[in-house]
Structure formats: structure tokens, C-alpha cells
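Structure record follows, encoded as C-alpha cells.
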Amino acid sequence: MGEIDITARLRDRIIGSLHLGQLAVGERLPSIREIAREADVDHRRVAEAYRTLEREGLVEVRGRSGVYALEQDRLGERMLAETARWMGTVLTEGWKRRVTVPDLPDLIRRCTATVQVRSAFIESTADHLAALCAELSTELGFSSQAVPYSSVSPRLWHDPGEPDQFPVALRDAHLWVTTAFHASTLRRAAAAMRKPLVVLKLHPDVAARIRRHVVGGGLTVVCVDPAFGERVRTVFAPNDPGRIRVVRAADRGAFDRLDRAEPVLLTRAAHQRLGETGLAMIVPQSPSISPESVRELAEHLIRINFAAAEEERGDGNTVPRRGAPPGASGE
């Protein structure tokens, strides 16, 4: 898996679960050895990570009893104390760069909302297209267009010709986005079209939960496109695909026979087709994109918006600051 920051991963996981209401105060967290197996790291690193989070006031380590989520102080009615610490860090880092607190909201707006950044998400399964386009739009602010991989001829992917041979969504996009399943095929076309190509990775917590269910007794995947189910088998049970059962949303008989008490992997596309299912889900439908991929996407979002903002301003300054001394922002 490579070197990972297990403390940051655990922190993000706990905070995200608290904010989404998926983790209750006082609830027992996965044990040190469970996390070590899940993340494929030494258990001593996990123990140290939990001790760090305990010093931060996020968890309580109770010896052999386990690790538990601590109640967070509230500011007003809504904000967790951890959120206040995070925002404090943001403001402090801005101050270090001579971005004042009053100027920060405008800087964020210019870096994220000067223009509507268009992304073309290219994939071959309906389930990936529905899930990741929605996440790119609702959570990251892109205007994301789904482009089925089959809508472009294989010849064009491998031997790009004139730009007007590609669909409008690909020509007009600021950047192309795909998964590892199509990355190698798309790289040449993206380079020919002079489009950045972002290859999304799965969120490690989602992968870990899927893997835990597969190993622990098997997993049911409810999806629209059976090719999506085959991919899950290829990634998580290549040597024993029978551990993963694939149920198509269109197969109402198989769907009705599912045990509603047994958690399943329900895709966004299947949920849209079926409506309220009453099924327990092993993971929420978002976030499914890894923090690493989100950072790469965010850098493109900022770079494109900032360039547009500078073009509008026409004076070449990089960071406007109220009351800043002459020359402090690149004049």
C-alpha cells in the first residue's frame, strides 16, 4: 500500500462520521488490530495514531476496553470544536501568506467560483458515471458531464485526429476525469486535446469496508450495470469471485429476496432506479473519491478559476489584500 499517514486517515474518518451522524458519541471505534489489518500497517503505528487523537480530544483510549469517540464541544448550536480548530488553521495559514481574514472569503470565491469549471467524466459503467459525476458536481463544484466511454470510437481514443471529431462535452471541458480502468487508453487522447487528465482513486475507507465484508462472509452488490459488479469482483475477490453476489436493479425478483437486515453495496444509479429500498448500506454513497484525488481536482479548480480572475482583473496581481503595503502582492 505504501507509506500512509494513519493518524490523518483516522482523524478524517472519525470527523467525517461524526459530522454525517454515522458515529455516535461514546461509540466504540475499530480496534487497533482491526485498523492495522485494514490499512496494512504495524499495530504500533495505529496505537500511536490513536494516542495522538486522544491528545487532540477526539477519542478516549480505555485500555483493553477499546477506543471510543469523545463528545465534542459545540460553538453556538452547530459547529464542532474540531471544526473551529480546522478553521483556525486555515485563517492562520492565510495570515502567514499575508491574506487577511476580511479578504479570505473573496479569495476563496475567486479561486473556486470565478468561472464554472467543466469536467468531462469518462467511464464505461452506468454506476460509475452516476456516482462520480454527482460527487464531482455536488461536493466539488464542477459542472460535470458524463461521457460514456463507448460514445467515442476505439480508433479515436488510440489515434486522436482533429479535435472536432470528439464529442462537444470533451472538446469544451476544462479537464477530463476517469478511473484507472480507462486511464492508459485516455492519456494519449487527452494529451492530443491538451486536456489535463485526472485519474480518480477510491476512498481508502470505502475500500477497507468493502474488503472487510468480502473477507468476513461475502458481499452483495446492487447495481444497474453488471459490468460494475464484475469490476468489484476483479478488485476485491479476484481469486474467489463467488464471495461477491451481484444483483441488478432491474431484477426485481432477486432484489425482493434480499435480506433487508444484511448490509449491501448499493450504487447511486441503483438507488435512483429503485427509490427507497430499506436496505442497510455498508458505505454511504459519498464520499467515494480519495482525499488524494480531491486534492488534485481542487488544484485544477483553483488554477483555472484563479487564471480567469486574473484575466478579469488584467493587472497581474495574484492576491488582493485590503490595506496591504505596495509590492506585497506582486506589484
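Every number here is computed from the coordinates shown, using simple stated rules; none is lab data. Quick caveat: nothing in here was measured; it's all calculated off a predicted structure. For neighbour counting, all protein chains shown are included, and Cβ atoms are generated from backbone atoms with ideal geometry for every residue, glycine included.
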request  = Give me the net charge of I32's neighbourhood, meaning all other residues with Cβ under 15 Å from the Cβ of I32; Lys, Arg count +1, Asp, Glu -1.
outcome  = +3
remark   = Quick shape check on region 45-139: root eigenvalues a ≥ b ≥ c of the Cα gyration tensor, a/c under 1.5 is rounded, otherwise prolate if a/b tops b/c, else oblate, and it reads oblate
request  = Express the C-alpha Rg of the chain as a ratio against the empirical globular expectation 2.2 N^0.38 Å, rounded to two decimals.
outcome  = 1.14
Three-way shape call for region 204-274 based on the alpha-carbon gyration tensor, with the a/c threshold at 1.5 = prolate
key: Choice from W157, W86, W176 with maximal GNM fluctuation in the chain (Cα, 10 Å cutoff)   = W86
query = With each pseudo-label sitting 7 Å past Cα toward Cβ, what's the A183-A24 distance in nm, one decimal?
reply = 4.0 nm
query = Modelled label-to-label distance, A8 and R85, 7 Å Cα→beta-carbon offset: nm?
reply = 1.6 nm
inquiry  = Apply the a/c threshold of 1.5 to the C-alpha gyration tensor of region 6-75 and tell me whether it is rounded, prolate or oblate.
reply    = prolate
note = In the chain, whole DSSP H helices that both stretch 30 Å or further along their axis by alpha carbon positions and average at least -1.0 on the Kyte-Doolittle scale are 291-313
remark   = Here the FRET efficiency for E230 versus S153, based on Cβ atoms and R0 = 22 Å and rounded to 0.05, is 0.40
message = Using helices alone, I'd like the mean residue ellipticity at 222 nm for the chain: each DSSP H run of four-plus residues gives -39500 (n - 2.57), total over residue count, nearest 500.
response = -14000 deg cm²/dmol
ask   = Of the residues T89, T178, T112, which exhibits the maximal mean-square fluctuation in a Gaussian network model of the chain defined by a 10 Å Cα contact cut-off?
value = T89
task = Express the relative contact order of region 83-217 as a whole percentage, based on alpha carbon pairs under 8 Å and six or more residues apart in sequence.
result = 20 percent
query = By per-residue mean of other Cβ atoms within 10 Å, what is the highest-first order of 24-32, 187-195?
reply = 187-195, 24-32
task = Evaluate the distance, in nm, between pseudo-label points positioned 7 Å from the Cα of E310 and of V115 along their respective Cα→Cβ axes.
result = 1.3 nm
remark   = Compactness summary of region 162-231: radius of gyration and Dmax from Cα atoms, Å, are 16.6, 51
remark   = Full extension between A192 and D40 adds, at 0.36 nm per residue less the Cα distance, a length in nm of 50.8 nm
ask   = What FRET efficiency comes out for the pair E299/E276, r = Cβ-Cβ distance, R0 = 41 Å, nearest 0.05?
value = 0.65
key: Ranked packing of 126-138, 142-154, most packed first, by mean Cβ within 10 Å   = 126-138, 142-154
message = Under a Cβ-only charge scheme (Lys and Arg +1, Asp and Glu -1), can you give me the dipole magnitude of region 91-239 about the Cα centre, in debye to the nearest 20?
response = 500 debye
